[in-house]
1. Out of all the residues in segment A:12-28, which are exposed (fewer than 15 other Cβ atoms within 10 Å of the Cβ) and in a helix (DSSP H, G or I)?
2. List the number of the failed condition for A:Q443; all other conditions in (1) within 11 Å of RNA strand B (Cβ to nearest atom); (2) closer than 21 Å to A:Y163 by Cα hold.
3. Answer with yes or no whether A:A490 is more than 30 Å from A:D146 (Cβ to Cβ), part of a helix (DSSP H, G or I) and small (G, A, S).
4. Based on this model, can you work out whether A:A570 counts as in contact with a helix residue (DSSP H, G or I) (Cβ under 6 Å, 6 or more places away or on another chain), part of a helix (DSSP H, G or I) and away from RNA strand B (no atom under 13 Å from the Cβ)?
5. Among A:N549, A:N577, which is the only one that is polar (S, T, N, Q) and within 10 Å of RNA strand B (Cβ to nearest atom)?
6. Which ones in segment A:161-203 are over 32 Å from the mean Cα position of the chain (by Cα) and surrounded by fewer than 19 Cβ atoms within 10 Å (Cβ to Cβ)?
7. Can you pull out every residue in segment A:542-553 that is touching a Lys or Arg at 6+ places or on another chain (Cβ under 9 Å) and either within 30 Å of A:G149 (Cβ to Cβ) or surrounded by 15 or more Cβ atoms within 10 Å (Cβ to Cβ) (or both)?
8. Would you pick out the residues in segment A:302-351 that are assigned to a strand (DSSP E or B), aliphatic (A, V, I, L, M) and within 21 Å of A:A292 (Cβ to Cβ)?
Amino acid sequence: MKNELRELLQAAVRSLEGSLLPGPIDASAVTVERARDVQHGDFACNVAMRLAKSAGRNPRELAAAIIAALPANTLIDRAEVAGAGFINLHLAKDRYTRELLRVHELGDRYGRNEPPHRRKVLLEFVSANPTGPLHVGHGRQAAFGDALGSLLAAAGDEVVREYYINDAGRQTEILAVSVWVRYLEAGGESLPFPQNGYRGDYIRPVALHLHERYGTRFMQPAAAVLESLPADAPEGDKEKYIDALIARCQQLLGAAGWQSILEDSIAEMLAEIRDDLEGYRVRFDHWVSERAFTQSGAIDRALERLRKLDLLYVKDGATWFRASQFGDDEDRVVIRDNGIKTYFASDIAYHLDKRERGYDVLIDVLGADHHGYVTRVRGGLQAFGHPGECLEAPLIQLVALYRNGEKLSMGKREANFVTLRQLREEVGNDACRIFYLMRSNDQSLDFDLELAKSKSNENPVFYIQYAHARVASVMKELGARSLGYEPQAAGEIIARRGAELLAGPHAEAMLASLSRYPEVIEQAAAQRAPHALVHYLRDLATSLHAFYNAERVLVSDDELRQARIHALRAVQCVLRNGLAILGVSAPESM
RNA sequence: GCGCCCGUAGCUCAGUUGGAUAGAGCAUCAGGCUUCGAACCUGAGGGUCGGGAGUUCGAAUCUCUCCGGGCGCGCCA
């Protein structure tokens, strides 16, 4: 609807080029927006004011000329100049009922855009290290990433969801050694737990599985394990201590034994993460293993290319990438002085690989604490000639859980933290998702557990779902009373006299809200803002509740009844489409 | 110190390609169920959009500056 209007206005503006307007006009300057005040009609356009100065014309005069130049159409009833030079558009009476029929015509395709050239988007999110279960912060990233993916797909992009498994590197070694220490404990040895290890309870079952699978093969006396190790924190350095412990484990068990513990531990953690995400209804198209990626030689090839571009140099025994040439604060290390490549090196290669797989847009959904990382990864892409703008990184601010007004503390290496699984079990997937998505991603989020669980009117989850269920309930009641409703006939009734049957402030507000859905999808996708969809659905639900309270649906007047049911079902359809994008269920009853 | 995010009604937050009188939920107050689901609806009060300066026909929105809060600033990932 909005796009049709914009095209009409663009045509009008173009026809004035060379006469009232100098030179060609940028079509993007012509925009229309919903009028906020009903006095101003349905839509308003400010192009006359925007062009007035460069045209050397009075904006109101220009507006009048544009109106006069509007092509013939059936959408606009009248257009008038208002205020400083606005063009207010009053649409034909049947504007919204025509749109209502489109909802029925398209069903779950309503609101979806199918452009001729679809951009290929690679959406990477969560990508949590397989060193522990997903926590509530990951839950927000998962909800956001998944909803954004659906939103972009609805808006016409070709979206692939990808999870990058950080299964290489030091963190996984720390995981393995943490498991080993718990394994030794379970076998009866007594030794201190490393300060820098993963202390969470989730480590113990992994250790027990090791016993089940390998028996006592990895057992060692505590004295042998601890012999001549440097001091752990607080007296010593926890990093040095755990590195020494890792080395000791490798020495005592041999490379094969160490590999078994490492791989089993990662596999178990990863299985848990996948299971969590599955239960959360978040699915990925690709799971990319960093280890496999590394072993393919892709990192070495990328570094070699950088070297040929003279973008690497050696200093203090380390190899540095000239990130500062691409806007970063300083150059960054890609190979440490001990010969080990940094995570950044693999990320350069990984993001390059994404582009070389043919994706136009790369989106990394990141926790807000990773913001400093974006510039250098972008720099890496630019080094290979890719535009920096092809990488977007929506940052997800922190989540704080509250119970009874009290903030719960979190920390991955601490023994107590709330996992995504615990949260889902407590409040349910739907409440979880809506609460995570309600707020803009760059707003930190206070998650009130009691509120999310409450089945009260304070809880926005139920408000939207209730609207959907209410329509289902009307349909059931319709059957029980054996009143007639036939979609085909209802469509014809509305085509004939919909504007008359669905008149009145509540019906009109509801249908106006309904017709906004395609615009909301388009804009929310463009702004990467799933929360805008949540707010819209709440508005749409409000308009349905208001209509429902004001007007009786199951009336004896056959045409009136059919028209009203048809309208309700269209709203229900859009609610369902919108909730599906958010990953929230649309229940028939509650 | 530098970088990013945030500051809008009592509370939690929408509102950024600059638009007309700044919105919603909760809370408060006043109303609405013999009839399709009251998990709902109708109405009222409530604002120096953190402060200041600038840009212009027009600023919550853009620029600068200051204040306050959060996060980050490794040869970790």
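The values are calculated or read from the model by the stated rules, or taken from the named source; none is laboratory data. Bear in mind that the values here come from a model prediction, so they are computed numbers and not experimental data. Backbone-built Cβ (ideal geometry, glycine too); neighbour counts: all protein chains shown.
1. Those that are exposed (fewer than 15 other Cβ atoms within 10 Å of the Cβ) and in a helix (DSSP H, G or I): A:A27, A:S28.
2. Here A:Q443 clears every test but (2).
3. Yes: the conditions hold for A:A490.
4. yes
5. A:N549
6. Once the filter is applied, which keeps residues that are over 32 Å from the mean Cα position of the chain (by Cα) and surrounded by fewer than 19 Cβ atoms within 10 Å (Cβ to Cβ), segment A:161-203 yields A:E185, A:A186, A:G187, A:G188, A:E189, A:S190, A:L191, A:P192, A:F193, A:Q195.
7. A:L544, A:H545, A:F547, A:Y548, A:E551, A:V553
8. Within segment A:302-351, A:V334, A:I335 meet the criteria.
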